[in-house]
1. I'd like to know which of A:N112, B:T295, A:N244 lies farthest towards the positive end of the charge dipole of the protein assembly as shown, counting +1 on Cβ of Lys and Arg and -1 on Cβ of Asp and Glu.
2. Please work out how much length the chain gains when fully extended from B:Y135 to B:Y349, using 0.36 nm per residue of separation minus the C-alpha to C-alpha distance, in nm with one decimal.
3. Mind ranking A:59-68, A:281-290 by how tightly packed they are, going by the mean number of other C-beta atoms within 10 angstrom, highest first?
4. Could you give the length gained by full extension between B:H96 and B:K179, i.e. 0.36 nm per residue of separation minus their alpha carbon distance, to one decimal place?
5. Can you pull the one-decimal nm distance between simple spin-label points at B:V396 and A:R205, each 7 Å off the Cα toward Cβ?
6. Could you work out the helix-only [θ] at 222 nm for chain B, with each DSSP H run of four or more residues adding -39,500 (n - 2.57) and the total divided by the number of residues, to the nearest 500 deg cm²/dmol?
7. Compute the projected area of the convex hull of the Cα atoms of the protein assembly as shown, averaged over all viewing directions, and report it in nm² to one decimal place.
8. Once label points are set 7 Å from the Cα along Cα→Cβ at both A:H120 and A:L374, what is their separation, rounded to one decimal in nm?
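Read-outs throughout are calculated quantities, based only on the coordinates presented, and are distinct from any laboratory measurement. Nothing here was measured: the structure is a model prediction, and the numbers come from that model. Positions of Cβ are generated from backbone atoms using ideal geometry, with glycine treated the same way; all protein chains shown enter the neighbour counts.
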Amino acid sequence: MRSIISAEWKRVLPLQIWILFSMVILIFTVYDDKKEKSTYTYVDADGNLIDGRDVLKDARQKKEMIPVESILLGEKKDFLTEESLNYLKVQNLVEANYSKQIGELTAKEAKNFYERRISHIRRNLVESSTVSYNKKEIDLLVEKASQVNAIMIGYAEGWSSINRGMEKFVPLLLLGISMMFIPLFGEDAKVKMNEFIFAAKWGRRQLDFARIFIAFGAGTLLYLYGMAEYVFIKLLDFGSEGGNFFIQGEERMFFSVYPISYIQQFFWNFTIGYFALFVAISFTLIVCILIKKTMACSAVLCFFWIFLLVGDQMNIYITNHYFFNFMPYRMTKFHHYYLENDLYRVGGESINSMVFTTCVAAIIVFSVLGMIALTLWERQNRKFVIGG
Amino acid sequence: MGLIKFEYRKLWNKVSISALIAFLVFSTLHTFIYLNLQWRTLDGNGEVWEGLKAFRLLKEISKDVEGVMDQQYLEGLVEDYDSSSEKRYLDINGEHRGFLGTGGMTKYMFPNYCVNYAYYGPYMTNGNDKIGLGYEFLSSERSFYDQYKESMKEDKLMANEYGGLFPYSAHQISILEDKIEKVRTPFTVEYYQGIANMLSWYEIQFPYFLVVLVFSLAGIYAKGSEYGVDELTLSSKNGRKKDFKAKCISGNLFAVTAYLIFVAVLMLEHGGIASLHGWNASAQVFWYDCIYNITVGGGAILQFLGGLIGCIVIANLVMMLSAVTGSGKAGIIAALAILYALCRFYPSYGMKKIFNPVCFGNNFVAKDGMFIGEILVPCICITFVLALLYITVFEVSIRSSAKRYHIGGRR
């Protein structure tokens, strides 16, 4: 068995593929970093263009972290200079919470910073046009949200950039990895391996098993490797500070109900991405087993991913709730787990979409594996004649 | 001829058929899911109808607003709309203020948006705030069309200022004004939602259709592929020159056939859902800034023709990449990368898009013109000339690759 795995592994993942894989990730991450830095560029009061890299460098050097309420109550006036990144962050949070500028806040309003956030969250849940939450669900979500009671303002751009970038990076990683396994079961007209395969010493059953093992094993390795390279480059570029801050310190996540830090968010995303990878690989395998021809499989899978992409762009609640949430593309659009508060009701229990999606993903993977086993078993029992 | 026939047959293989079926399944799902879940019609009783039946209902109730937009029509329209339940429902300060911008439909969309264009000109969008009819220029047919043409002129000049290839000269502006003045009035109003849906879906799906061509044609000159080039092909009686030519012609024929299937399926689906009624409506009722005296149906045909030209250009590009790389896989990767770059990085606004074959299927080919010197040439003619130019370049590359083509050896 080991020799079959080794031979197939070398066939599907030669050294050149690993090098190409690493290079693509390197180029993507460096390009993404450059784009990310440019978003911090701004024009100051005197009309000078301040480069985003300088803004980040300045913020990182300060090494300060202060609770947002202390800043608003004026306890740390020297902390905020109008051109600093921290000022921009606080301003964004104040604008999201009060629709006002920092200077316009009264002391009373500043004191009620968290209460106001909770009241916004409660109102959003009550007035939601997509999900009709019951009182128990609202109370539960609000209770979770109220656990966020110390939003820190400081430099955490490394981790926030990782979590933001994962929404672009992980779908591409999944697409790339799953496409690598097309030749496992796909027949290439040039290679014409079938004659050898069916004459193999250990027969077809062991070969099929080895191929499925390689798909998931090598997929795991590639995923770990890809994520490690991505995180390493990001942290090298932006720094690893602020990983333990609440994600609500970022304007985009301010109304998220989950009391988690950037590092926890990263691990949640990482885990969901891993489940999504298994779904993507299992779809690739079943398509390749059914269609056989490598190019035809590539075409069908290409349109499958296009459908998932367009489905995500359509952004219709019903289709997302019942279908696209369990598909690899939308599974890795991580922000919706933290912001949309979609719930699934099973047996009187309300389950959040993050947990439910991963459970359904696992069921999908096992179902597809069952279908694969059945198809291969049926083929193994069929009398095979080469050229017939 | 026989060679072309055999090459054409070879192109209908498992890869191309799988790609085309996968695309059509995607296209159908995209059409039915989105039209069924997002669109709704407001009827005269203030009731909202959802799902596919909303389109049939809209067609039925739109008979009231169909006709020629003359003095009598405008007077009747203003009177009807002012006393309608739709007006109260769509009140911009009311609870349904987002209805029209989010898939909501009413029969008044067809004439009222056209009237509002006369007021808003380049700032026209769809929405509850741009459906009202409280304008003084509606007091007479003449003042309405004068205002309409003024807005059209303003729209065209603004488009040129922000997205034109060259700023218009004074003489060009006078030619444009003359052209706008010649727009035939009064307009004919008809229900056209089915055609509008079809063209909208066509524009969204056209770049994805090109992916079918990439998978189907990338292997046409690939070495050793099932339908590419092998030792037998190169040593055939007809010689490689004739064979390569036959492959090229059959590749183009394949692209045309696949494109016609795509358009036919779109027409069938959208015709089935919302009907293709409205072919005789004036183009200005649909494309408010259209400077040509055509109907909506005529414009749709021109748009499909533009798409066909774009599709042939991309087919030749893919075949050229196949000949140059000599490999199906490399051809696919290169073609997909170019297609992605054309969709993602090439500007899709302003007149620069006229050089991008992926945009040849956009509505500008039907409704816009471009100045070549002092002559206002319809965009469809320019895309045709550009396509000839592109195809010539690709053909030269294919021929040059064919001369140096070897199997198994270095070039």
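1. A:N244
2. The span from B:Y135 to B:Y349 would gain 73.9 nm if fully extended.
3. A:281-290, A:59-68
4. Working it through step by step, the gained length comes to 25.9 nm.
5. For B:V396 paired with A:R205, the spin-label model returns 6.3 nm.
6. Rounded to the nearest 500, the figure is -20500 deg cm²/dmol.
7. Quarter of the Cα hull surface area: 40.9 nm².
8. Distance between label points: 5.0 nm.
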